[in-house]
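In what follows, a structure is listed as structure tokens, so that the remarks can point back to it.
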Amino acid sequence: MNRLHGAIPEDLFHAPSLETLHLYANVLTGPVPESIARAPSLVELRLFANSLNGTLPADLGRNTPLVCLDISDNAISGEIPPGICDRGELEELLMLDNMLSGRIPDALGRCRRLRRVRLSNNRLAGDVPDAVWGLPHMSLLELNDNHLTGQIFPVIAGAANLSKLVLSNNRLTGAIPAEIGSLSKLYELSAGGNMLSGPLPSSLGGLAELGRLVLRNNSLSGQLLRGIQSWKKLSELNLAENGFTGSIPPELGDLPVLNYLDLSGNELSGEVPVQLENLKLNQFNVSNNQLHGPLPPQYATEAYRSSFLGNPELCGEIAGLCGGDSQGRSKHQSGLAWMMRSIFIFAAAILVAGVAWFYWRYRTFNRSKLRADRSKWTLTSFHKLSFSEYEILDCLDEDNVIGSGASGKVYKAVLSNGEVVAVKKLWSAAAAKKNGGGEGSGSAADDSFEAEVRTLGKIRHKNIVKLWCCCAHKECKLLVYEYMPNGSLGDVLHSIKAGLLDWGTRYKIALDAAEGLSYLHHDCVPAIVHRDVKSNNILLDAELSARVADFGVAKVVEAKSMSVIAGSCGYIAPEYAYTLRVNEKSDTYSFGVVLLELVTGKPPVDPEFGEKDLVKWVRGTLEQKQGVEHVLDSRLDMRFKEEMVRVLQIGLLCASSLPINRPAMRRVVKMLQEVRAEGGRPRVDKDGKLSPYYYEDAEGGEVHHAS
């Protein structure tokens with residue numbers, strides 16, 4: 001990616017030994033040269049993300065042993081060359097986001113090695129060739145947003161490796177064939193915005209790997225599927241705008257990871273099953289059906305109003321539903337309801353006033369406790385300060401709490417000069433005597449705390465949260481840090497704000513955090529072991545640059561206020577179970593988990609994994625699927641798949657079960673830098689498996705090849 005301009009030279013393909021050419025993500029213009037079709041050794045050509053136009057050479061593929069062709073995200077028009085797979089070697093055909101027209105060549109159905117076909121967002125028309133549906137090695141077939149017609153043929157049963165079938169927004173007709181239910185590896189079936197008809201085949205209920213089923217805006221009919229206990233991995237079910245009848249299956253409430261459910265715009269009847277209260281839904285819509293009866297209590301609130309509108313006989317205390325319309329009630333009922341409501345409001349007001357008074361007294365007591373005898377506060381500054389310890393104390397209000405954990409609370413403090421800082425309050429052992437210690441143990445703890453804080457205060461690195469100062473008192477200790485406005489990586493990555501983190505941002509966060517940890521391990525004397533590396537301890541500034549936080553807190557805080565476990569669930573290196581010791585390689589393991597979070601978008605532990613954690617889930621999925629498509633975050637731009645795979649590989653290396661196989665953080669930084677450097681990149685095998693990487697021996701520092 002060098003921001004190259006101009007046209008691709010015609011003579012570039014005259015070299016007889018040219019096998020691989022990557023010119024993606026530049027500003028290249030003009031047509032694809034005709035000479036490309038005569039390159040005798042060309043195996044891999046990636047031209048995506050440019051401004052190329054014109055048509056492809058008509059005889060492309062007839063004289064070249066192409067294995068991978070990626071021309072996505074250009075303005076190329078015309079038809080797909082009919083001989084694109086004449087040599088029979090083609091495995092990846094990626095042409096999405098262009099202006100291609102005409103039919104999909106029949107010859108593509110004879111391309112038996114095809115694994116990935118992405119032709120979405122073009123102007124392709126006509127029927128999909130029958131044989132294309134059943135290609136045996138196909139794992140991804142993406143044809144959405146075209147003008148394709150015809151049916152999905154039963155020969156799809158032959159596509160035993162199919163994982164993602166994306167057909168949305170075409171003109172497909174006919175029924176969904178029952179043979180789709182035999183595709184045991186199918187993760188996504190998206191065919192919304194077509195003209196599919198008939199019932200859902202019962203065989204779909206047996207797809208244990210299914211994660212997304214999107215069939216909105218078709219003409220499907222019949223009842224919704226029962227017997228869907230196998231859908232343990234289903235996170236999205238969208239059957240809106242069809243003609244489904246019957247009741248909503250109660251079994252939907254037993255799907256453990258379902259968070260998107262849209263059944264609106266059908267002819268469903270019956271009551272809303274109370275079992276749906278078991279779900280933790282981000283999106284829920286059953287509006288415009290024929291449902292009746294009372295709402296489950298969890299959903300009988302105004303927050304869900306739009307989810308239920310258009311069901312005239314559905315009742316609940318929501319405006320627009322039968323229970324929310326008081327016009328039909330008798331005067332006696334209205335008067336009684338008014339009286340009961342008044343009594344309730346009066347009692348609630350008394351209760352709230354009492355709670356508010358006690359809360360005010362509690363806060364006043366705590367403030368006075370902290371501010372009393374201010375002369376006993378000791379301020380240790382590590383930078384030039386524009387505030388005093390008293391201004392910090394004034395901000396220790398419960399309304400300013402932005403986080404809490406095992407070691408204390410964190411406050412957002414807005415100072416008089418407009419500056420914002422974060423204050424971490426660590427309660428002490430109260431001179432140790434209250435916990436059974438001797439007279440001198442409290443003093444020893446304070447001395448240890450001050451020594452540790454002075455060490456942390458000397459740290460200067462752009463990827464480590466700056467410690468401004470420390471305020472110490474016999475009752476508690478305050479650490480004053482720079483404020484990070486975008487919160488933690490974990491909060492952003494695992495919430496609706498994840499859209500802020502495109503691949504480029506995630507890669508930069510990974511590199512920033514790695515450089516911060518490398519500094520702690522290799523540039524501090526003595527070395528500092530973080531002990532609790534996790535996405536929630538990687539903070540993001542206003543530009544979404546990453547800073548490592550809470551390093552050394554495990555040593556700073558007294559042992560009695562700490563958990564016995566050094567680390568957080570899902571991040572703890574396996575050897576800790578029998579050594580109860582942590583070192584730099586423990587941090588490396590935890591950082592590997594963070595890298596896997598960035599690439600997969602999944603948390604370190606999740607019900608989807610069963611008894612596994614994220615590391616075991618990724619390894620197991622790769623072993624079962626023989627590829628990486630199942631673990632990469634589907635929200636990311638797959639034009640950067642190669643970089644994602646490399647970072648995934650580095651994450652797995654860092655999370656090796658044996659500490660000796662984990663690289664030092666200095667080596668991790670170098671590997672991450674090489675992901676976007678010219679040359680020196682690890683190879684990804686054509687079958688999608690991860691190729692070996694390197695690790696640095698824990699004792700010698702010699703570089704070995706990992707077998």
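FYI, it's all coordinate maths here, none of it is from the lab. Note that the structure is predicted; figures quoted are calculated from it, not measured. Here the Cβ positions follow ideal geometry from the backbone for every residue, glycine too, while neighbour counts run over all protein chains shown.
Per the Kirkwood formula applied to alpha carbons, the range 60-139 shows a radius of gyration over Rh ratio, Rg over Rh, of 0.92.
Note on the range 28-77: percent of Cα-Cα distances in each 5 Å bin, starting at 0 and stopping at the bin with the largest distance, equals 5, 23, 31, 25, 15, 1.
Across the range 116-127, rounded Karplus estimates of 3J(HN,Hα) from the backbone phi angles (6.51 cos²θ - 1.76 cosθ + 1.60, θ = phi - 60°) give 9, 10, 10, 10, 5, 6, 10, 10, 5, 9, x, 6 Hz, Gly and Pro being marked x. Across the range 1-149, Cα-Cα pairs farther apart than 26 Å form 18% of the total.
Need the list of aspartates and glutamates near residue 462 for cross-linking: C-alpha distance under 17 angstrom, and skip anything on the same chain fewer than eight residues off. Straight-distance partners of residue 462: 482, 512, 515, 523, 541, 543, 550.
Could you compute the net charge surrounding residue 17? Neighbours are other residues with a C-beta less than 15 Å from the C-beta of residue 17; K and R count +1, D and E count -1. Local charge sum for residue 17: -2. Working note: Karplus 6.51/-1.76/1.60 with θ = phi - 60° gives the range 582-591 the couplings 10, 8, 4, 5, 5, 4, 4, 4, 4, 5 Hz, where Gly and Pro are set to x.
Taking amide H positions as modeled 1.01 Å from N, with prolines and chain starts lacking one, the residues under 5 Å from residue 30 and 5 or more places away or on another chain are 53.
Close amide H contacts of residue 217 (hydrogens built in the peptide plane, cut-off under 5 Å, sequence separation of 5 or more or a different chain): 193, 240, 241, 242. The stretch between residue 22 and residue 87 holds 21.3 nm of extra length on full extension. This uses 0.36 nm per residue minus the Cα-Cα distance. Less than 5 angstrom separates the built amide H of residue 174 from those of 197, all sequence-distant by 5 or more or on a different chain.
Here the range 178-241 yields Rg over Rh of 0.93, to two decimals, using C-alpha coordinates and the Kirkwood radius.
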